[in-house]
Structures are given as C-alpha cells and as structure tokens.
Amino acid sequence: MAILIRHEKLISAAHLAGCDAVKFQKRTIEVVYPAEELAKPRENPFGPTNGDLKRGLEFGQKDYAAIDQYCRLHKILWCCLVLDEASVDFIEQFNPPC
C-alpha cells in the first residue's frame with residue numbers, strides 16, 4: 001500500500017505541475033535480465049540480490065489497477081513502456097491511451 005500512496009502523490013504532483021500524462025514501465029524480470037545479473041549481491045530492502053530489488057520494485061495487478069483508477073478519477077492520462085510480450089499482454093487489460 002505504501003507504494004501506491006507514493007505514486008498517487010507523484011501522479012498528483014505531475015498533474016498539478018501541468019503534465020498531461022504520466023509514464024510507467026512494465027517488464028517480466030526473468031525475461032529481461034539474465035540469471036547472472038539477478039543473482040548478483042545487492043543489499044536492498046527486498047533482499048540480498050539484484051533480483052530481489054528488481055522483483056520488489058515491479059508493479060503487479062493491484063498496483064496497476066490502482067494507478068489506472070487514480071488516473072481516471074483525476075483525469076490524467078497514463079501510459080506504460082512495456083519491455084516484453086507478457087508485459088504487453090498484461091498492460092492491455094487496462095487499455096491505456098497509448
């Protein structure tokens with residue numbers, strides 16, 4: 001829930017600053033990054049590896065549903081850079097404008 005609240009604040013700040021839209025990105029971690037990269041040590045709030053960090057920061061179904069609802073409610077467009085085919089399929093359910 002903390003991530004959603006933070007992004008609601010960022011979306012609102014972008015809107016108040018005159019932005020017409022906000023952009024996110026979606027990827028399937030295991031597809032985009034090689035196993036060696038994910039296994040590298042990297043202390044972070046989500047665990048001891050780079051993969052833990054990447055997975056911990058990636059938004060899921062509830063996150064994007066909340067982003068979509070919040071943006072529609074506040075009449076700000078949102079889009080998403082997708083980095084793999086599964087992410088395209090995932091984001092299509094929200095029907096973002098671009």
Quiz item: Do you know the Lys pair count in the chain for C-alpha distances under 24 Å, with sequence separation 8 or more or different chains?
Solution: 15
Self-check item: Among ILE11, PHE90, ASN50 - extreme Cα towards positive end, dipole of the chain, charges at beta-carbon
Solution: ILE11
Practice problem: Using a Gaussian network model of the chain whose springs link C-alpha atoms within less than 10 Å, name the residue from CYS19, CYS71, CYS79 with the highest mean-square fluctuation. | Solution: CYS19
Exercise. Compute the Cα gyration tensor for region 4-98, then decide on rounded, prolate or oblate, letting a ≥ b ≥ c be the square roots of its eigenvalues: rounded whenever a/c is under 1.5, prolate when a/b is larger than b/c in the other cases, and oblate in all that remain.
Key: prolate
Practice problem: Pick out which of VAL82, VAL31, VAL22 has the largest mean-square fluctuation in a Gaussian network model of the chain, springs linking Cα atoms closer than 10 Å. | Solution: VAL31
Quiz prompt | Solvent-accessible heavy-atom area per residue, rounded to whole Å², over the chain at 1.4 Å | solution = 65 Å²
Quiz prompt | Cα long-axis angle, helix 61-73 against the chain (0 to 90 degrees, to the nearest 10) | solution = 20 degrees
Exercise. For every helix of n ≥ 4 consecutive DSSP H residues, a contribution of -39,500 (n - 2.57) applies; sum these over the chain, divide by its total residues, and give [θ] at 222 nm rounded to the nearest 500 deg cm²/dmol.
Key: -15000 deg cm²/dmol
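The values are calculated or read from the model by the stated rules, or taken from the named source; none is laboratory data. It should be emphasised that the depicted structure is a prediction, and the values quoted were computed from it without experimental measurement. In this analysis, Cβ positions are derived from the backbone assuming ideal geometry, glycine residues included, and neighbour counts consider all displayed protein chains. Note: accessible area is taken over every heavy atom of the protein model, side chains too, but ligands, DNA and RNA are not part of it. Shrake-Rupley method; radii C 1.70, N 1.55, O 1.52, S 1.80 Å.
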